[in-house]
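Read the figures in this text as sums done on the coordinates, not as results from a lab. Nothing here was measured: the structure is a model prediction, and the numbers come from that model. Here the Cβ positions follow ideal geometry from the backbone for every residue, glycine too, while neighbour counts run over all protein chains shown.
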Amino acid sequence: MASSSSTQLNEIGNNDELTPLEKHVMFFDINKDGIIYPWETYQGFRKLGRNVFRSVLAAVLIHVVTSGKTRPGKWPHPLFPIEIKNIKFGKHGSDSDAYDSEGRFVPEKFEEIFKKYAHTNSEYLTSEEVDELLKKNREPKNYFGWLNAMTDWRILFSVGKNKDGVLTKDAVKNVYDGSLFEQKAKEVAAKKMKSN
């Protein structure tokens, strides 16, 4: 007899078969069908405690920029879906390269982030250190990549910073494997329950 978890498999397969980049975006696939629509991204950001404006803005920007890249050879879609199985094609320039071209996590590149930019403490990044990382990772004349990298890291910093206002090494690692989003959503839900 099939277990209940095996009945929830979808077209992108068992979660153990996903690349870290695919796991990173799975949080936003609310209905777990392998396709993320803007309203699912909006819902995901709301679960992370983002306000309506920031959630709408993030959903629009992410989908306008990424949808076409994850749907190679297909006509543009008016609903701007993102196909998780093709998320590796959504990688942009001027990033940290902690994911390779196949969406696999590159531990050396991750460690390099902290070796190069964590000046205050090797276990976290300050906002200023994230700014330095962004500036140093800029590829010449890759303005689109600059904007994408800045958006990614600013969202990560805002969502992932701790009570001391710094982004810990664990939080960054957890965003790369997708677990930070689940953890933050649980924290936000618990806070809402306490306030009710």
Honestly segment 105-187 on the Cα gyration tensor test (a ≥ b ≥ c root eigenvalues; a/c under 1.5 rounded, otherwise a/b vs b/c for prolate or oblate) is just prolate
THR168 long-range amide H proximity, modeled H, under 5 Å: LEU125, ASN162
From the backbone phi of segment 106-113, what are the Karplus-calculated ³J(HN,Hα) couplings (6.51 cos²θ - 1.76 cosθ + 1.60, θ = phi - 60°) in whole Hz, Gly and Pro given as x? 10, x, 5, 5, 4, 4, 4, 4
Those lysines that a straight Cα-Cα span of less than 21 Å connects to LYS32, excepting residues fewer than 8 apart in one chain: LYS23, LYS47, LYS69, LYS85, LYS88, LYS184, LYS186
Spin-label point model (7 Å from Cα, Cβ direction): what's the LYS69 to SER195 distance in nm? 3.4 nm
Between TYR99 and residues 5 or more places away or on another chain, which pairs have amide H atoms under 5 Å apart, with H built 1.01 Å from N, and which residues are they? VAL106
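Pull out a ≥ b ≥ c, the square roots of the eigenvalues of the alpha-carbon gyration tensor of segment 38-121, then state rounded if a/c is under 1.5, prolate if not and a/b is larger than b/c, and oblate in the remaining case.
oblate
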In whole Hz, with x marking every Gly and Pro, tabulate ³J(HN,Hα) for segment 40-51 from phi via Karplus 6.51 cos²θ - 1.76 cosθ + 1.60, θ = phi - 60°. 6, 5, 4, 4, x, 5, 5, 4, 7, x, 6, 6
Considering only DSSP states other than H, G, I, E and B, which chymotrypsin sites (Phe, Trp or Tyr not before Pro) in segment 137-175 qualify as loop sites with at most 14 other Cβ atoms within 10 Å? none
Residue-span extension gain [ASP100 to VAL60] - 0.36 nm each, minus C-alpha spacing: 11.9 nm
Can you give the FRET efficiency for ASN162 and HIS77, using 1/(1 + (r/R0)^6), R0 = 35 Å, r = Cβ-Cβ distance, to the nearest 0.05? 0.35
Could you give me the ³J(HN,Hα) list for segment 17-26, computed from phi with Karplus coefficients 6.51, -1.76, 1.60 and θ = phi - 60°, whole Hz, x at Gly and Pro? 8, 6, 6, x, 5, 5, 4, 4, 9, 4
Per-peptide average of other Cβ atoms within 10 Å, ordering 78-89, 115-126 highest first: 78-89, 115-126
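With Cβ to Cβ distances under 12 Å as the rule, what net charge do the other residues near VAL65 carry (K, R +1; D, E -1)?
Computed value for this residue: +1.
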So what is the calculated 222 nm ellipticity per residue for the chain, using -39500 (n - 2.57) for each DSSP H run with n of 4 or more, over all residues, to the nearest 500 deg cm²/dmol? -15500 deg cm²/dmol
For LEU147 and ILE30 in the same chain, what is the full-extension length gain: residue separation times 0.36 nm, less their Cα-Cα distance, in nm? 39.5 nm
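Normalised by the number of residues in the chain, what is the relative contact order in percent for Cα pairs under 8 Å and 6+ residues apart?
Once divided by the residue count of the chain, the mean separation gives 22 percent.
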